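S.K.: Below is a structure I'd like to ask you about.
None of the figures in this text is laboratory data; all of them are computed from the coordinates on show. Keep in mind it's a predicted model, so treat the numbers as computed, not measured. All Cβ positions, even for glycine, are placed from backbone atoms using ideal geometry, and neighbour counts span all protein chains on display.
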Amino acid sequence: MRRPRWTVAVLMVAALVIALAALLLSRAQLTERPLVYSVVDDSVETLHAQKRMLREEIDELEKLHTSGQLATENYIQSKRFARERLADVEARLQKAQPDYKPQVVPCPSCGGPLEISMERCEYCGHLLL
Ligand SMILES: [Zn+2]
């Protein structure tokens, strides 16, 4: 054996570190917040712009899902994530603009008034995906 034993150990440690780094990186990507959140800008204009972008994002997801380009599982996940961000923006808007009224949409099942960021109808329990 010409290769000393420690090189094997070093290679194994290196492989482990790479695997760990890959794992951390993939987790970081999953939990990563969009770039807009790294800048704390709670001006009403910015929040409205963010809200508009999120509405567009949700519309786009719906289009992709309807046309079969987005698997249902991914669609639900992406839409939930967009909704969470929308709820966050709504909450900040209410803080930044005291007279702000959250946008209301009728529940597709019972017609009850729902805020766009809600995930489930609070009147009939209809799941809003
Ligand atoms: Zn309902």
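S.K.: How large are Rg and Dmax for the chain when calculated on the C-alpha trace, in angstrom?
M.R.: Every Cα atom of the chain included, Rg and Dmax give 22.2, 78 Å.
S.K.: Amide H neighbours of ARG120 under 5 Å, counting only residues 5+ apart in sequence or on other chains, H built in-plane at 1.01 Å?
M.R.: Answer set, sorted by chain and number: LEU128.
S.K.: Using a Gaussian network for the chain with springs between C-alpha atoms less than 10 Å apart, which of these wobbles most: VAL104, VAL44, VAL17?
M.R.: It is VAL17.
S.K.: Using alpha-carbon positions, what is the distance between the centroids of the stretch 111-129 and the stretch 75-109, in Å?
M.R.: 12 Å
S.K.: Could you derive backbone 3J(HN,Hα) for the stretch 77-92 from the dihedral phi with the Karplus parameters 6.51, -1.76 and 1.60 (θ = phi - 60°), listing whole Hz in sequence and x where the residue is Gly or Pro?
M.R.: Per-residue couplings from phi come out as 5, 5, 5, 4, 4, 5, 5, 4, 5, 5, 4, 5, 5, 4, 5, 6 Hz.
S.K.: Applying the Karplus parametrisation 6.51 cos²θ - 1.76 cosθ + 1.60 with θ = phi - 60° to the phi angles of the stretch 113-121, what ³J(HN,Hα) value in whole Hz is obtained for each residue in order, glycine and proline being reported as x?
M.R.: x, 10, 6, 4, 7, 6, 9, 9, 5
S.K.: Along the stretch 19-26, what does the Karplus equation 6.51 cos²θ - 1.76 cosθ + 1.60 (θ = phi - 60°) give for ³J(HN,Hα), rounded to whole Hz, x for Gly and Pro?
M.R.: For the stretch 19-26, the Karplus-derived couplings read 4, 5, 5, 5, 5, 4, 5, 5 Hz, x marking Gly and Pro.
S.K.: Where nothing but the Cβ of Lys and Arg (+1) and of Asp and Glu (-1) is charged, how large is the charge dipole of the chain around its Cα centre, in debye to the nearest 20?
M.R.: For the chain, the charge dipole is close to 920 debye.
S.K.: Let me know the number of lysine pairs in the chain closer than 19 Å at the Cα, not counting same-chain pairs under 8 apart.
M.R.: 5
S.K.: Next question. Neighbouring Cβ atoms within 10 Å as the yardstick, rank ILE116, ILE18 fewest first.
M.R.: Sorted ascending by nearby Cβ count, the order is ILE18, ILE116.
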